[in-house]
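S.K.: Have a look at this one before I ask anything.
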Amino acid sequence: MDSVPCLKAWAESLGGITYPLLSDFYPHGEVARAYGVLRAEGYTERAIFVIDKQGVIRYIDIHDISQQPDNEELFRVLAEVEPQAAIAAPPVEPPAALPAGDVVMYCTSWCPDCRRARAYLKARGIQYVEIDIGRDRAAAAQVRQWANGNETTPTFNVKGTIIAGFDQPRLNRALGIG
């Protein structure tokens, strides 16, 4: 149900895919409703459907809205569906070293919980390093290791304590605030 600008940003974060993407923004959620992924509250979980040129659904990925899809898996599926048009997934190199800082937030530019986490940290005057896992695929690989294979955003590294998701009570304990 993302808007066209949101889908465009996502396609660019993948390295510029050329496959058509569907925005189900207006009328709000009609396609999501037809595919059975629209919640009564008016939003969906994160849902990706890959449909081939014959209209056959070849891949379905549905998970919590705070989790980012596994882009490498998506590239693999797209290559199976249309090998001649597939682009190679950007290489993922292991991180040479974790970023410096007492608080590191691994996030994306579009994630609602990441926006809330930024505001939370700023309101408390907490300095942090921000890593966009949509652009830094090595950091995304690190987040997947920490978050049971998911690209959960935000994920925090607070002085070695890993917190996957915007869990304020755990984050408060790790930061030593009450």
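All of the numbers you see were taken from the coordinates with simple rules; none came from a lab. This one's a predicted model, so the numbers in the text were calculated from it and none came from an experiment. Note that each Cβ is placed from the backbone with ideal geometry, even for glycine, and that neighbours are counted across all protein chains shown.
S.K.: Just want the ordering: HIS28, HIS63, from fewest to most Cβ atoms lying within 10 Å of their own Cβ.
M.R.: HIS28, HIS63
S.K.: Would you tally the net charge around ALA119, using a Cβ to Cβ cut-off of less than 14 Å, leaving ALA119 out, and scoring K and R as +1, D and E as -1?
M.R.: Computed value for this residue: +3.
S.K.: Let me ask something else about it. Region 103-175: percent of C-alpha pairs farther apart than 16 Å?
M.R.: Tail fraction, whole percent: 39.
S.K.: Now a separate question. Whole-Hz ³J(HN,Hα) for each residue in region 55-63, computed from phi via Karplus 6.51 cos²θ - 1.76 cosθ + 1.60 with θ = phi - 60°, x for glycine and proline: what do you get?
M.R.: Couplings: x, 8, 6, 9, 7, 10, 9, 10, 7 Hz.
S.K.: Cα centroid distance between region 21-71 and region 118-178, in Å?
M.R.: 26 Å
S.K.: What nm distance separates the two modelled labels at ARG173 and HIS63, each placed 7 Å from Cα along Cα→Cβ?
M.R.: Using points 7 Å along Cα→Cβ, the separation is 2.4 nm.
S.K.: Please compute the net charge surrounding THR108, taking Lys and Arg as +1 and Asp and Glu as -1 over other residues with Cβ under 11 Å from its Cβ.
M.R.: After counting each charged neighbour, the total is -3.
S.K.: Could you give the length gained by full extension between TRP146 and ILE51, i.e. 0.36 nm per residue of separation minus their alpha carbon distance, to one decimal place?
M.R.: 31.1 nm
S.K.: Which stretch or stretches of region 147-178 have amide N atoms under 20 Å from the point lying 7 Å from ASP102's Cα along the Cα→Cβ direction?
M.R.: Once the point is set 7 Å along Cα→Cβ of ASP102, 155-164, 167-178 turn out to lie under 20 Å by backbone N, inside region 147-178.
S.K.: Which whole-Hz ³J(HN,Hα) couplings does region 119-132 yield from phi under the Karplus relation 6.51 cos²θ - 1.76 cosθ + 1.60, θ = phi - 60°, glycine and proline marked x?
M.R.: 5, 4, 5, 4, 4, 9, x, 8, 6, 8, 9, 10, 10, 8
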